[in-house]
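Working notes for the structure below.
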Amino acid sequence: MPEETQTQVRAAWLYYMEGLTQAEIASRLKMTRLRVNRLLVEARSSGLVNITINSRLESCVRLERALVAAFGLKQAIVVPGPADPGQTAAQIGKAAGEFVSKIIEERPSGIFGVGWGGTLRETIRHVRPGQYRDLAVTSMMGGLTYGIEINTFETASRFARLWQAECHYLAAPIYAGTPQSRDTILAQDVFEAAFARIQATDVAILSAGDLSDRSLLVRYGLPGDVGVAELAESGAVGDMLGQFIDRNGQAVAHPINRRAIALPLAGLRRIPTVILASGGLNKAQIIAATLRGRLASVLITDEDAAAAVLASEAPGSA
C-alpha cells in the first residue's frame, strides 16, 4: 500500500472513527491542518470513506491502539503484512524511516542511538537526508569483528552520513571473552566516555533478535562457546543489544549477559524514546518480552507479529 494512501487512511480513521479534530490529527500525524483537510476530502471523493473505512489498514490501526493500551507505549505503528514474508523487514523499515525522519526534523539535535540488524538496514534506505550539525549518532553496542552491511559500525556511520551529523562508535566486539575481560575493557577511559555519551541518548532505534537461525546474532555474533539450547534452557526468548531476556523482559542468569559490551538494559529503560523496529511471527515472543520489560516506548511492526504479541497477553496464555 503506498505511503500516501496509508496516511490518508490513518487521517480518516482518526477523524471519522475516533472523533479527533483536524487540528488534533495534524498534531498527531505531524503535518499541516491544510494537508489533513485535503486528505479527508480525497478520502470522501475517492470512495475510501463511506460509512466505514474501506481498507485493511483499519485492522492495523486497531492493533496499534490495542498495543498502546496493553503495554503503555507512546506510540505503535503496525504495517500491513506483505504477501511475501521475506519483505517484512523492508515494510517495517519503510515505516521506521518515515517515523525517524519526522522525529529528527522536529528536534534536530541531541544524541541518536542505534543498534544493528536487517530491519535497521532497511530503515536507513527510507530516512530523509538533512544537515543536522547539532546531532550526534552513536552505536549502543559493540560490533562484529569483520565487515558486514548490518554491523553496528556501518549502521551508525550511514545514519550519520545521511544527516551530516557526528558519528561515534563503541569500538569493541559485541562480546568479551569473559566477564572479567569485559570489566577490564570498560574500565578504560575511552570506554567510560563512550558509555557516558550512550547513557545520554535522547532517541534510540533498535531491533530485537529471537533464538531461531533467522537471528543475525545467532548466525554471526554469538561466541562459539555459547549455544542456543543453553540460552533457551536459561529462559531466554531472544536478545536486545546482545543481552538475552526472558518472557518478562528481564535479563536471564547466563554468563553471556555479563560479557556483552553494550548499554545495560537498566540504562535502556532510562532513554526517553526507544523505538523497537522488528517484526515477523518468529519475533513475536521477543517483541512481547521487550514490551513487558519496558525496554521500548515505540513499536514499529507488522500486523501478524502485532496480533501474536497481543494474543500472548490474553488471559491463560503463557
**Item:** Selected residue (criterion: surrounded by the fewest Cβ atoms within 10 Å (Cβ to Cβ)) from residues of the stretch 77-107 that are under 12 Å from Ser278 (Cα atoms) and touching a helix residue (DSSP H, G or I) at 6+ places or on another chain (Cβ under 6 Å)
**Value:** Ala90
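Scan the stretch 172-192 and tell me whether some residue there is assigned to a loop (DSSP other than H, G, I, E, B), on the phi > 0 side of the Ramachandran plot and without any contact (Cβ under 8 Å) to a residue 60 or more places away in the chain.
Of the residues in the stretch 172-192, the ones assigned to a loop (DSSP other than H, G, I, E, B) are 172, 174, 176-178, 187-188.
Checking which are on the phi > 0 side of the Ramachandran plot leaves us with none.
Scanning the stretch 172-192, I find no residue that is assigned to a loop (DSSP other than H, G, I, E, B), on the phi > 0 side of the Ramachandran plot and without any contact (Cβ under 8 Å) to a residue 60 or more places away in the chain, so the answer is no.
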**Complete:** Those residues of the stretch 1-28 that are under 28 Å from Asp84 (Cβ atoms), aliphatic (A, V, I, L, M) and surrounded by fewer than 16 Cβ atoms within 10 Å (Cβ to Cβ) come to a total of 1
**Fill in**
Condition set closer than 17 Å to Gly238 by Cα and under 11 Å from the mean Cα position of the chain (by Cα), scope the stretch 292-308, selection surrounded by the most Cβ atoms within 10 Å (Cβ to Cβ): answer is Thr301
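Taking the condition in the same structural domain as Ala89 (by TED's automatic domain parsing) and over 18 Å from the mean Cα position of the chain (by Cα), does Leu241 pass? Don't jump to the end; show me each part of the working.
Numbers: in the same structural domain as Ala89 (by TED's automatic domain parsing): yes; over 18 Å from the mean Cα position of the chain (by Cα): no.
No; evaluated as a whole, the condition is false for this residue.
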**Prompt:** Any idea which of Ile103, Ile77, Ile111 is assigned to a helix (DSSP H, G or I), modelled with pLDDT of 95 or more and assigned by TED's automatic domain parsing to the domain that holds Ala196?
**Reply:** Ile103
**Prompt:** When you go through Ala296, Ala308 one by one, which is the residue that is without any contact (Cβ under 8 Å) to a residue 60 or more places away in the chain and either touching a Cys at 6+ places or on another chain (Cβ under 8 Å) or outside any strand (DSSP E or B) (or both)?
**Reply:** Ala308
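Considering only residues that are out of contact with any Leu (no Cβ under 8 Å at 6 or more places or on another chain) and in a helix (DSSP H, G or I), which ones fall in the stretch 14-26? Don't jump to the end; show me each part of the working.
Here is the first cut: in the stretch 14-26, the residues out of contact with any Leu (no Cβ under 8 Å at 6 or more places or on another chain) are 16-19, 21, 23, 26.
Across the stretch 14-26, the qualifying residues are Tyr16, Met17, Ala23, Ala26.
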**Fill in**
Scanning the stretch 213-248 for residues that are closer than 19 Å to Ala266 by Cβ, out of contact with any helix residue (DSSP H, G or I) (no Cβ under 8 Å at 6 or more places or on another chain) and either buried (at least 23 other Cβ atoms within 10 Å of the Cβ) or touching a residue at least 40 places away in the same chain (Cβ under 8 Å) (or both) gives Ala236
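The values are calculated or read from the model by the stated rules, or taken from the named source; none is laboratory data. Predicted, not measured: the structure shown is a model, and the values here were computed from it. All Cβ positions, glycine included, derive from the backbone under ideal geometry; neighbour counts span all protein chains shown.
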